[in-house]
Structures are given as C-alpha cells and as structure tokens.
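The values are calculated or read from the model by the stated rules, or taken from the named source; none is laboratory data. Values in this document were obtained by computation on a predicted structure and should not be read as measured data. Every residue, glycine as well, gets a Cβ built from its backbone with ideal geometry; the counts of neighbours run over all protein chains shown. The accessibility values were calculated without ligands, DNA or RNA, using every heavy atom of the protein model including side chains. Shrake-Rupley method; radii C 1.70, N 1.55, O 1.52, S 1.80 Å.
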Amino acid sequence: MHSRIGLFLSPVHEPGQDPHLAIRRDLELVEHADRLNFDEVWFGEHHSLGWGLVGAPETMIAAASQRTRQIRLAHGVVPLSGHHPFHVASRAVHLHHLAEGRYVLGVGPGVPFDAPMFGLDPGVQRRRLDEALPAVLELVNGEQRVTRKTDWFELRNAKLQLARFGPAPVEVAMATSGTSVTGPRLVGRYGLSMTSFALPFSLMTPGSQEHIGLAQQWKHAEEAADESGHTLHRENWRIALPVHVAETRKQAFDEVRAGYDRWLFDYFGRTAGRDVLAPGADRATVLEARVEAGGALVGSVEDVVAGIRRLQDATGGFGTLLVYVADWASYESTNRCLELLARFVAPQITGASARPQEAVDWAIAERAARAAG
C-alpha cells in the first residue's frame with residue numbers, strides 16, 4: 001500500500017554551499033523517499049536567481065531511475081514555452097524507458113523569473129503552451145505523424161522512432177499556480193492530470209493578483225472536460241505545499257523557522273525583488289501566518305494529519321499530497337520529517353493502520369466480553 005504522498009523538489013538550495021553536494025543531496029533524498037514507499041518525486045526546472053540549481057531535470061530523473069526501486073519520477077515541470085515539442089517528447093519517452101514506466105511528464109508555461117532571460121512575457125508563455133501541448137501529446141502517446149507550424153517551431157510529418165515503454169500511455173500532468181484559468185482548462189480539454197500549488201508565494205504579499213482557489217481550479221478543469229468529452233478523476237489531482245513534521249509542534253516550528261525566514265526574505269525578497277512583508281506584519285510570525293493561511297503544514301503528526309484532512313474537505317478530495325521540499329531544515333530534520341510522514345501520517349490518510357487497530361480493539365472487546373460472561 002502506497003502513501004499517496006510524494007515530494008516536489010524545485011529544488012532550491014541556499015547559496016553559500018557546494019552546489020555539487022546539494023545536487024547529490026537531492027538524489028540521496030529521492031533514494032530515502034523510495035525506501036520509505038513514497039509514491040513519487042517531481043523535479044523542477046530553473047535557470048535563474050541562484051537558488052534553483054537544476055536546469056536539466058531530465059538528467060536528475062535519469063540518474064534517479066537507476067538508484068530507485070518503485071517511486072515514480074516526474075518532470076515538475078517542462079516549460080513548453082522554452083523547448084521544441086519534438087525534443088520534449090523524445091526525452092519523455094526515453095525517460096519512460098529508463099524508469100520502466102515510472103515516469104510522469106509534467107508540463108506548464110514556464111517560470112516567470114526565467115522568462116525575461118528568454119525574451120518572453122507571461123502571455124507568450126501561455127500561448128506557446130497552448131500551441132505545443134497537442135503536438136507533444138500526439139508524439140508521446142499517439143500514432144499519427146505530426147505536421148504543425150507556428151512562429152517558433154515547425155514539425156513536418158514528425159513521429160518518434162522509439163515507442164513508449166509498454167502499452168500504457170505516459171501520464172501527462174499540467175501544473176497550475178492558481179493565477180490563470182489556462183492550466184485548469186487545458187487539463188480538461190485534453191483529459192490530463194493536474195498538479196496545483198496550494199497557496200502561491202504571491203498571496204502573502206500586498207497588491208498581488210487574485211488567486212484562483214483550489215476547488216475553483218478543479219471546477220474550471222471539469223467544465224472544460226465536459227465541453228471536450230473527457231472525464232477527470234480526482235485521484236489524478238496532486239496538491240503541492242511545504243510540509244514539515246516533527247515529534248511536537250514547537251520542535252517542528254523551531255526546525256524550520258530560520259530556513260523559512262531566509263527562503264522568504266533572501267530568496268523571494270532580496271533576490272527576486274518581491275515585497276514579502278505586508279504592512280503591519282511582524283517578521284517574527286510570518287511562518288505562523290503562512291501556516292494559518294493554508295500555505296504550509298508545520299507541526300506534529302496530529303497537526304499534519306488534521307491539516308491534510310482539512311485540505312481534502314476544502315477541495316472536495318484529491319489524490320496525492322506533494323511535499324514541497326524548500327530546504328528550510330537541516331538534512332537530519334528533513335530525513336526525520338519524511339520518516340514521520342511515511343510511518344505515522346500516511347497510514348492515517350490511506351487507512352493502512354486501520355486493520356491492525358481493528359484487531360487490537362476486537363481482542364480487547366472479546367476479552368472483556370468473556371470476563372463479563
């Protein structure tokens with residue numbers, strides 16, 4: 001029985017450390033999650049701001065495929081606005097083979113921070129996503145040759161020479177941050193899986209654009225699916241947010257507070273140039289404010305279980321929780337967090353611990369009944 005919990009690795013690493021060791025750490029963390037029976041791990045693609053060190057996630061996925069046993073490996077995500085569709089499809093199929101079917105192709109428009117370096121504005125990123133997606137889907141999972149021409153790519157009778165691994169299609173997931181209906185509607189139009197970020201960073205800043213809530217994102221996807229004749233399944237919906245669990249709530253907050261402060265004020269504030277502190281807000285309690293707003297789960301096992309259940313209730317249900325690993329805590333604390341998630345949180349969410357507890361309750365009740373009789 002799997003956990004229905006995965007990891008989302010941007011991955012971000014605080015500057016000042018050895019980048020080589022940081023990348024090796026990411027692979028070791030994936031191995032640790034694989035041993036703990038986590039369902040999947042996603043690798044992001046970043047090209048700027050210094051914290052997101054991986055610009056070629058397919059290389060990380062290829063390496064991880066040879067070091068793991070059962071965990072699924074996902075692009076999180078390929079920015080289709082910056083890659084030729086044929087190359088995206090070719091890499092996806094090769095990774096599907098290397099992972100022996102454990103690969104998920106995650107796609108999206110692209111990271112806003114990277115866009116200026118490539119001369120793209122958000123509108124162009126979304127348009128390119130819309131133009132490239134059908135070509136990628138046909139090349140990866142279809143049988144027809146593709147002919148398509150736009151102002152930035154061209155395909156002439158294109159078809160991959162290598163078919164995917166096995167008869168099952170490659171799972172394709174669309175990422176959405178809740179800032180546009182484009183992603184959810186593409187999910188519905190093409191019958192894709194969806195990966196949502198529970199609360200984007202921008203929500204915690206003054207003057208940020210209005211966020212589309214999780215339940216509304218799913219509604220947009222379902223409406224587009226109805227229009228296109230597709231059926232969506234909530235078990236294929238992933239929700240990503242930072243999670244840290246420790247033996248007690250105080251310990252959990254103590255372990256991540258300094259790292260969260262640096263991530264918020266040095267990465268998003270000083271490096272990305274965002275206004276990260278609302279007027280009148282207290283820097284000492286910004287972590288508590290994020291948790292209260294639903295943008296992170298931090299606390300004991302009981303706190304995190306309750307938080308996941310609240311998220312299930314608020315959304316109407318989703319399939320997998322993706323733990324966004326923001327590198328807020330030490331390696332040791334992060335490893336321990338994953339162990340607690342696997343041993344004590346996941347069984348309560350999946351029901352895996354119910355049968356043993358039922359046996360305990362039955363034995364106690366039977367003994368009491370015999371004593372009374």
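Which residue fluctuates most in the GNM of the chain (Cα springs below 10 Å): V78, V170, V360? The residue that fluctuates most here is V360. For the chain, the longest principal axis of the alpha carbon atoms and the long axis of helix 331-340 meet at an angle near 70°.
Heavy atoms only, probe 1.4 Å: what % of the accessible area of region 274-373 goes to carbon and sulfur, would you let me know?
Working: 2890 of 5340 Å².
Reported share for carbon and sulfur atoms: 54 percent.
Spatial offset of region 350-373 relative to region 3-54 amounts to 42 Å, using the alpha carbon center of each. A cut-off of 5 Å between modelled amide H atoms, ignoring neighbours fewer than 5 places along the same chain, links F8 with W42, V323, Y324, V325.
Annotation: aspartates and glutamates with alpha-carbon distance below 20 angstrom to K149 (same-chain offsets under eight excluded): D130, E131, E138.
Within region 89-187, which GluC sites (Glu not before Pro) sit in a loop by DSSP and count at most 16 neighbouring Cβ atoms inside 10 Å?
Working: sites: E100, E131, E138, E143, E154, E171; in loops: E100, E143.
Within region 89-187, the qualifying GluC sites (Glu not before Pro) (loop, at most 16 other Cβ atoms within 10 Å) are E100, E143.
Note on the chain: helix-only mean residue ellipticity at 222 nm, from DSSP H runs of 4+ residues weighted -39500 (n - 2.57) and normalised by residue number, equals -13000 deg cm²/dmol.
Axis of helix 19-35 versus longest Cα principal axis of the chain: the two differ by about 60°, to the nearest ten degrees.
Kirkwood's formula applied to the C-alpha pairs of region 221-324 gives a hydrodynamic radius of 15.7 angstrom.
Under a 5 Å amide H cut-off, with hydrogens placed 1.01 Å from N, R274 pairs with G269 among residues at least 5 apart or on other chains.
Sparse packing (at most 15 other Cβ atoms within 10 Å of the Cβ) combined with a DSSP loop state is found for the following trypsin sites (Lys or Arg not before Pro) in region 88-168: R145, K159. Hydrodynamic estimate: the Kirkwood radius of the chain over Cα pairs, inserted into Stokes-Einstein at 10 °C and 1.306 mPa s, corresponds to D of 73 µm²/s. Working note: Karplus 6.51/-1.76/1.60 with θ = phi - 60° gives region 292-307 the couplings 4, 7, x, x, 6, 10, 9, x, 7, 4, 4, 4, 6, 4, 4, x Hz, where Gly and Pro are set to x.
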